[in-house]
1. Tell me, 51, 157, 195 in order of fewest to most beta-carbon neighbours within 10 Å?
2. In deg cm²/dmol and to the nearest 500, what is the mean residue ellipticity at 222 nm of the chain if only DSSP H runs of at least 4 residues count, each as -39500 (n - 2.57), divided by the residue total?
3. Count the DSSP beta bridges whose two residues both fall in the chain, then state the antiparallel fraction as a percent rounded to the nearest 5.
4. What ranking do 39, 46 get, fewest neighbouring Cβ atoms within 10 angstrom at the top?
5. With angles folded into 0 to 90 degrees, how steeply does helix 374-383 sit against the dominant principal axis of the chain? Use alpha carbons for both and round to 10.
6. Please report the Cα spread of the stretch 72-112 along all three principal axes, rounded to whole Å, starting with the longest.
7. I'd like the orientation of helix 343-355 relative to the chain: the angle between its Cα long axis and the longest Cα principal axis, in ° from 0 to 90, rounded to 10.
8. How many angstrom separate the Cα center of the stretch 139-208 from the Cα center of the stretch 43-71?
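Each reported figure results from applying straightforward, stated rules to the coordinates on display, with no laboratory input. Here the structure is a predicted model, which means the values were calculated and not measured. With ideal geometry, Cβ positions are generated from the backbone for all residues, glycine too; neighbour counts draw on all protein chains shown.
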């Protein structure tokens, strides 16, 4: 069979947020980039998600902010987190956007194209081109079955949660790490039109309730003009309910006649954990959901996808300038990403597993006792640490505290969080130290999981 063959500096599989961001930055640095996606141009940007992102990501990355009326539908001043009994809430302040997800995604794509990226739409990844221990390109296939060979110095897997490129590589390569299903949330959400009373539309609402969303939460995000994004995420775990069934049973029922029509509905899978341990190989890099970069606590992945894309782009560009896109030449991506986001992710992954063990009674106790403030939650989310203020507050309330065992567990969690953060922040600077680091990482998280099982 005769294949059409093309050559690029970089080939990126996946034109989602991570893929288009990386394509833009790499092309802007003067390198030739091919961007491959199975979707047609009119469907670029379509994805089931919460449609929300913090403003700080755009400021930190030097990217144009979403524009109301173009690729955003509204602005949030913060997130309101509501207790299971609906009696208490914590306001976590921080400016963010409600996105028109498709228009936002298309804007990111168009920006990459305008920077000189060449797109292969309506094509899907068929197989990697492997020469020895190197990835030298990919074979892609269109909907009619015709194949093309795209050779490159670097291949980037931005294919989303499935990670179709990295999981097709030889299984003894570090980068093919399999993610346990318990580290995912299965989601279902609807975009609805209606009139929901008692909602302050300057907030995105997160509701904690382990009966409705075990291992996750349900959300109500106002989008303006009587439009709402409502959904839930449930930990992918044996015995847990179907998210759509619980959405219908609990959430739609509670809203009663407030919903006039359903504009769109759908489900998805979200990695809610620390990033995969190794994100590069010879001629190969993984970014976004393919590398499990979503926030472990709230599952938001847009901002972290852009961070992983930017840090990877900087690394790839530098490696190409030096003529060394080897694993060692690309290794710095880990250091940059963990410094920017990954260490926080690892810390929050510890907190995530702890929170998935809590009951509604536990959560109501935390809200009712005012142990945690909105500022504490913000610091938790932005830095990945439990602040000392929480424990100072606990000590001040000792005469009122009726659950000392719970508070002792919380302190133990802080210790594990701090260890995870430090471990990732001190990720080895070269691949030579990886195996030892991975042993330490396995030991830390296995020890934590065993501790969780003990109570």
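1. Sorted ascending by nearby Cβ count, the order is 195, 51, 157.
2. Roughly -10000 deg cm²/dmol at 222 nm, from the helical runs in the chain.
3. 70 percent
4. 46, 39
5. 20 degrees
6. Computed over the Cα atoms, the extents are 46, 17, 15 Å.
7. Relative to the chain, helix 343-355 is tipped by roughly 40 degrees.
8. 17 Å
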